[in-house]
Structure formats: C-alpha cells, structure tokens
1. Size of segment 195-328 along its principal axes in angstrom, Cα-based, largest extent first?
2. In whole Å, what are the extents of segment 2-122 along the principal axes defined by its C-alpha atoms, from largest to smallest?
3. Put one equal scatterer on each alpha carbon of segment 199-248, apply the Debye formula with no solvent term, and list log10 I(q)/I(0) at q = 0.28, 0.30, 0.31, 0.32 1/Å to two decimals.
4. What is the ratio of the Cα radius of gyration of the chain to 2.2 N^0.38 Å, with N the residue count, to two decimals?
5. In segment 146-310, how many lysine pairs have Cα atoms under 24 Å apart, counting only pairs 8 or more places apart or on different chains?
6. Tell me the label-point distance for the pair Glu266, Ala337, using the 7 Å Cα-to-Cβ offset, in nm and rounded to one decimal.
7. Once both labels are modelled 7 Å past Cα along the beta-carbon direction, what's the Arg87-Lys55 spacing in nm?
8. Relative to a virtual label point 7 Å from the Cα of Glu195 in the Cα→beta-carbon direction, which members of segment 220-246 show backbone nitrogen distances below 14 Å?
Amino acid sequence: MNVGILGATGYTGQELVRLLQQHPEAEITFLGSSSSAGAAYEEMFPQFIGSELGKLHDEQVPDDVDVLFCALPHGLTAARTAEWLKRGIKVIDLGADFRLKDPEVYRTWYKLEHPAPELIPEAVYGIPELYREEIKGKSLVANPGCFPTASILGLAPLLKKNLIVAESIIIDAKSGVSGAGRGASLGTHFSEVNENFKPYGVAQHRHTPEIEQQLSLAAGHSFKLNFTPHLVPMIRGILATIYAQVGDGVSEDTLRACWEEAYQNEEFVHVLPQEIWPQTKFALSSNHAFLQLKLDKRTGRVIIASAIDNLVKGAAGQAIQNMNIILGLPENMGLGARGLWP
C-alpha cells in the first residue's frame, strides 16, 4: 500500500520513515512538511541516503495515498480529516485531536475549539492490547500519547478486575528529551537539560485527561488521578512508576496473575520475572513494553514500573501496529526489532 506521512521532519515523522522502510507491504510515496517543502529528504536526514525517498511536498495529500500518518501539532489534523476520509484515505493521527471523546475537555486542556467534533465518535483509541477488535477495519485511529501508553498498559487490567482503588493512583513518569519534539525551546537546550532532572506540567499536563478517560473506562466509573511527568537528560525512553492502593485481600500473586492473563498472547507487552525491574534500554528503538510490580505489604500499595520507547511504542511503532490491524496484516509486520543494548 502507498503510505504518506505529514510532519515527516519531526522526530516521530523520522521514526515512521525508519520503521516503514522495514515494512514489506508499505511504500512511502508521500512525505509532507509545511516548513521544508521542496527539500530533499535524504539531504536533510543523511541516515536515509540511498532510500530514494525524494523531496518533501507541501501538505496537499495526493489521491494515491492509502494510509496517512499525521504527526502534526493539535488542531491541524482534525481540520482536514473529513476530506481525507471522503477520499478513502485511512488516517492514523499521532497527535491529540481524536484522543479525547469530549470536545469540551479538548477545549479546556488544549485551549482550542475542536475543528471536527462530529468525527470524534468515528475515531477508535489505538492501544491494540485494549481495543484490537474495535480497530479492525477502521478508517480513523487516535494513536495514544506516550505517557498514556506506558501508564494505561500497567493499570487497565488491574482496574478492570477491580484489584486496585482507582482514586488512589499516582503516576510518576520520566521521559527523554525527544518527547518534547524537534522544535527549539529554552527548556530543552543541552545546557538546560544535561546533568539536570526536573518535573514539568505539574497538575496540568495535557496527557492527564487522556489517561483519566481510558482508565475510567477500564474501571467502569469516572475518577481523577495524580500524574506528574519529569524530564530526564537522555534522548528517548519513558519509565512510569505508579502507586495504587490494593483492594481488601488482594495479593501480589493475584495482581501478577491478572497481568499475565491480560498479556499472555501479546507479542509487545512483557510481564518481567519477579525482581527484574524495567529499564528504558530494554525498549530502546523497539515497539516493546516491559512491566513489573511489587506489593508493599506494609502500606498496602502496589508499586508498578512500565518502560517503553516514547518514539516507538509511544508513537510511530504503535501507529504501524494499528495500521497492520486496520489492513488485516500480521500485527508484528515491520516491528520485529528488539531493544538496542548498550
């Protein structure tokens, strides 16, 4: 199939190019960029020399594109999605436009009126491990955020079985600097980040309502939680450390058995053996997620750790996983790589 990428010069766009070149059924026929149209992609990014990717185009998507990946800032994808869908193009949005089901919540957190609220019901939230059947055959997928992916994979099965107290959840997550995108800003300058470690978006990060929405669906009732992200002086990777009160009589074995049942047939989610704790390098450059937990009997709280690569399972890799499901291809197609070490 012919594949297009909007926002092809950003970190997520480049990661889509890297991964799709390993996909036997995908041919990249369109690379779009509003800021770099006319530039030769391989000259901008010499790691792709010899790939015959050609020049970047403006954002006018041609008719021969079958699947369009949109790695654009919020608001830009939704405004044009209806046109693409009418032309038979399947859209996978790696931005925030279709993740939230309530346009008022979108307006509150993103300070923007939703450009296409009528399309929100048509979009399916793209965590395959939770919504695989709903994703099949869809034309519009809301690819999840990176922090939500790491957090939801660790918590959703436990909430579905009512093993933890939803209102007690605290998510303490750390991300590499690539999560902030390729645009220059003071907070991501080398001299600001190197040998430094800081929280940001405290009590106001835009991934908060996305996490709450999906976990509320898993729990069967609405609730709020605490989510605090931190910026770590590394390029890529997410490690989420999560705390929650367990229900009466719930043991560590029960919690682990819940995970093992939920993920026993999942190629990309791994429940680690006891006492082996997730590290971001386990997932580096791969579409794999790694989980571990321990019940602190003294406090009655479970401690969960979840590690992913923010640019792969947290963005481009999960988007390709969704594309494979939509098109009825093997879900792991093009995503066979394991983490790089060291």
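Throughout, read-outs are computed from the coordinates displayed, never taken from laboratory work. Source: prediction; values computed, not measured. Cβ: placed from backbone, ideal geometry, glycine included. Neighbour counts: every protein chain shown.
1. For segment 195-328, the Cα spread along each principal axis is 41, 40, 32 Å.
2. Principal-axis extents of segment 2-122 (Cα, largest first): 47, 27, 23 Å.
3. Cα-only, vacuum Debye calculation for segment 199-248: -1.21, -1.26, -1.28, -1.29.
4. Details: Rg = 19.6 Å, N = 342, 2.2 N^0.38 = 20.2 Å.
In units of the globular-protein estimate, the chain measures up at 0.97.
5. 14
6. Between Glu266 and Ala337, the label points sit 2.2 nm apart.
7. In this crude label model, Arg87 to Lys55 measures out at 1.9 nm.
8. 233
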